[in-house]
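**Student:** Pasting a structure here, questions to come.
Coordinate-derived values only; no laboratory data. Everything quoted here is computed from the prediction, not taken from an experiment. Methodologically, a virtual Cβ is constructed for each residue, glycine included, from the backbone with ideal geometry; neighbour enumeration extends over all protein chains shown.
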Amino acid sequence: NMINTLPKTAHHQIICEANYIRLKKILCGFNKTNYKFNLINPDNSEYFILFRVIQRSKHTLILEAKQKSKISNLGTFIMRIQISIDAKLAEVISYQGEKAVPFFMKISMTQSKDEKLQQNRFLTEWLESIFISGISADVKF
């Protein structure tokens, strides 16, 4: 139910709005079902980044986002994001991954009491790191 999952605070809402804008930019308006990118980090580690639309209705999308290392399980995670097209919000609804702090996270964020807010901030930082590091879209989808 969309009503129950809408952001509770103004701060949370701002984060979800910003994440919506970033995702829309990276995924070119959510038109496709599968997206695959290569991410080259400053430390030269390489990751595959996969986005998959697993549910699509007129007003909402459920997106699965995955980061996989090319050489190890470190830095590997998967999250599901609910996207509200009308409200222009993107909110993390589930997160699975290592508890180690990725290189792009600020330490203060890992100390947040509010896990929901923390997950959405994590999404912000992750998307930001994708823009900074640059992604090369794999040719095949």
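**Student:** Given a Förster radius of 25 Å and the C-beta distance between Lys70 and Asp114 as r, what FRET efficiency does 1/(1 + (r/R0)^6) yield to the nearest 0.05?
**Tutor:** 0.15
**Student:** For Ser129 and Gln96 in the same chain, what is the full-extension length gain: residue separation times 0.36 nm, less their Cα-Cα distance, in nm?
**Tutor:** Roughly 10.0 nm would be gained on extension.
**Student:** Work through the residues other than Arg52 whose Cβ is under 9 Å from its Cβ and net out their charges, Lys, Arg +1 and Asp, Glu -1.
**Tutor:** 0
**Student:** Something else: Full extension from Ile40 to Thr9: what is 0.36 nm times the residue separation minus their Cα-Cα distance, to one decimal in nm?
**Tutor:** Result for the pair: 7.7 nm of gain on full extension.
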